[in-house]
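A short worksheet on the structure shown next.
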Amino acid sequence: MKTQDMVRELLEVTERFNKTASPQIDRDRISHATNIIHLASKIFADSSQQWLNQPHKMLEDRVPLDIIDRDEGLQQTEDLLEKMAEIVDRAIEVFNNESVAKNWLRTPNPYLGDLIPLSMLESAEGIEHVMDMLGRIDYGVYS
């Protein structure tokens, strides 16, 4: 499906929802849910649905799609994805190329103990290590 078709479909769904939704609370929830889908797609591309359907340490081993019906779960999921998106944006900035950055994020890295940077974004420490590594690359410090 082409991007413009997906956007049209999302707009149609949003318009139908806005006609039937109760005031601002439901509209805010759909806005958060749309942001979650956008961020997951940006970070994980084709595997975003898989990410949304599996437990994550940063969500206390809960599954995002199981917890987003509760306000705190919706917010926790969105917060986690925003932190991950910051890493993706930083990688794109460091490598000055989106495809190179995403490849780096999906490739085992010897400086990170042969772990895949994207897989390390499941903990605060992992996020910190990946961000530190990107800073080192940006400044040419590899030791």
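The values are calculated or read from the model by the stated rules, or taken from the named source; none is laboratory data. Remember, predicted model here, so these are calculated numbers, not experimental data. Counting neighbours? That spans all protein chains shown, and the Cβs are built from the backbone with ideal geometry, glycine included.
Numbers below:
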item: Any hit, the range 100-119, residues being farther than 24 Å from residue 68 by Cα, acidic (Asp, Glu) and not in a helix (DSSP H, G or I); result: yes
item: Subset tally (residues that are β-branched (Val, Ile, Thr) and under 15 Å from the mean Cα position of the chain (by Cα)) for the range 105-143; result: 2
item: Residue that is assigned to a helix (DSSP H, G or I) and either modelled with pLDDT of 80 or more or closer than 19 Å to residue 106 by Cβ (or both), where the choices are 18, 35; result: 35
item: Number of the condition not met by residue 107 [criteria: (1) touching a Leu at 6+ places or on another chain (Cβ under 8 Å); (2) free of Cβ contacts under 8 Å to residues at least 40 places away in the same chain]; result: (1)
item: Residue tally, condition touching a Pro at 6+ places or on another chain (Cβ under 9 Å), within 13 Å of residue 44 (Cα to Cα) and surrounded by fewer than 16 Cβ atoms within 10 Å (Cβ to Cβ), over the range 93-109; result: 1
item: Number of the condition not met by residue 116 [criteria: (1) farther than 30 Å from residue 136 by Cβ; (2) surrounded by 14 or more Cβ atoms within 10 Å (Cβ to Cβ)]; result: (1)
item: Any hit, the range 56-73, residues being within 23 Å of residue 104 (Cβ to Cβ), in contact (Cβ under 8 Å) with a residue 12 or more places away in the chain and out of contact with any strand residue (DSSP E or B) (no Cβ under 9 Å at 6 or more places or on another chain); result: yes
item: Candidates 105, 121, filtered to the one that is of a type outside the set (Val, Ile, Thr), at pLDDT below 90 and either within 24 Å of residue 37 (Cβ to Cβ) or touching a helix residue (DSSP H, G or I) at 6+ places or on another chain (Cβ under 8 Å) (or both); result: 121
item: Where residue 53 falls short, out of the listed (1) in contact (Cβ under 8 Å) with a residue 60 or more places away in the chain; (2) over 22 Å from residue 139 (Cα atoms); result: (1)
item: Number of the exception - residue 142 against (1) assigned to a loop (DSSP other than H, G, I, E, B); (2) at pLDDT 95 or above; result: (2)
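Condition check ((1) surrounded by 12 or more Cβ atoms within 10 Å (Cβ to Cβ); (2) more than 15 Å from residue 118 (Cα to Cα)) across all residues:
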position	(1), (2)
36	yes, yes
47	yes, no
53	no, yes
62	yes, yes
78	yes, yes
